[in-house]
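Structure first, then comments.
The values are calculated or read from the model by the stated rules, or taken from the named source; none is laboratory data. Because the structure is a prediction, the values reported are computed rather than measured. Here the Cβ positions follow ideal geometry from the backbone for every residue, glycine too, while neighbour counts run over all protein chains shown.
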Amino acid sequence: MFLLHSKISFAMYEKHEEEDRFPYKREAARWFRCSLKPSAHSFASITLQTAPYPNRNALLLCLPPSGIGRSDPCPARYQRRLPQPLQHWSYPDRECNHPVTRSVCAVEECENNGYSCSMRGNSFMISNNQLPLLEFVIEYTWSPEQRDLDKSTRFLDGNVGFRCTGPNDYLDFGGDNTSNGETEVVVIDVEKARQDSKWEDSTAIISNARWFASDNQGGAQMRVYLRRKSDGGLAEEASVSDRINPGTQSNCSSHKVAAVKIIRGSMHTRVTLEKA
């Protein structure tokens, strides 16, 4: 549901105190808070408790503001108190008072009905019906002044990287690269694993990294994105990245640098890159 503040113009029909004739009409405008389903409108009957019409009934028609549609899994929520002047409205919160978004957004209870909701940092959302067409890609990149970054990327029972145990049916490693200024790639079919009942509501890809031997060469870059299985094209706005801090080691790395956390809601899946 959306929680909106709607300005409602309403009319009150009253019988004249002295003459039993056609009722006259008083008009007024008030702000009311109403609940609204996505891309829809709703009617609500309320009882006014504010002057000049105490204990009077009114029929409200609640309309969503422009720009809110079904595609937004965490729709904007209006502020409880509207600042003046009206053109200075702001929408700092996100609303997720239903299971579709409650499972994929950062939820905190608020004083009003519903929940204050926002996307977690370094995250993106993808529609569940797109996921069977996409695969996860993790890229590790280091600068021309650095060389031989070894990784251990783990998903379910698979572990790929230098001297690691090896892939599984959903995890594929592009190979070890020991040169300066290079990139290593790991591809994961997360949705296929879910379809095979390997996970249901949430899962994670664990990333370990270290520089070969004892030469600590500083930070490196990690990027997570989705690409189409059909042609390798990138999924729009489905990418996150961060600077990682590898350790040093000579075997399969156990130095955790990040986790890719995947949480599936009823309509959308959230992907978050959390740095260790």
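Looking only at the stretch 138-169, residues that are surrounded by fewer than 21 Cβ atoms within 10 Å (Cβ to Cβ), among the β-branched types (Val, Ile, Thr) and assigned to a strand (DSSP E or B) come to 1 in all. Restricting attention to the stretch 175-202, and to residues there that are in contact (Cβ under 8 Å) with a residue 40 or more places away in the chain and part of a loop (DSSP other than H, G, I, E, B), which single residue is farthest from residue 265 (Cα to Cα)? Checking each candidate, the answer is 182. Scanning the stretch 221-238 for residues that are at pLDDT 95 or above and either outside the structural domain of residue 188 (by TED's automatic domain parsing) or crowded, with 17+ Cβ neighbours inside 10 Å (or both) turns up 222, 224, 225, 226, 227.
Determine, yes or no, whether residue 179 is within 15 Å of residue 212 (Cα to Cα), touching a strand residue (DSSP E or B) at 6+ places or on another chain (Cβ under 9 Å), among the hydroxyl-bearing types (Ser, Thr, Tyr) and surrounded by fewer than 23 Cβ atoms within 10 Å (Cβ to Cβ). Judged against the criteria, residue 179 is a match.
Criterion applied to 241, 207, 253 was being surrounded by fewer than 19 Cβ atoms within 10 Å (Cβ to Cβ) and either touching a residue at least 40 places away in the same chain (Cβ under 8 Å) or farther than 21 Å from residue 159 by Cβ (or both), and the one residue passing it is 241. Go through the stretch 181-197 and give me each residue that's out of contact with any Gly (no Cβ under 9 Å at 6 or more places or on another chain) and closer than 21 Å to residue 125 by Cα. Listed by number, the residues that qualify are 189, 190, 191, 192, 193, 194, 195.
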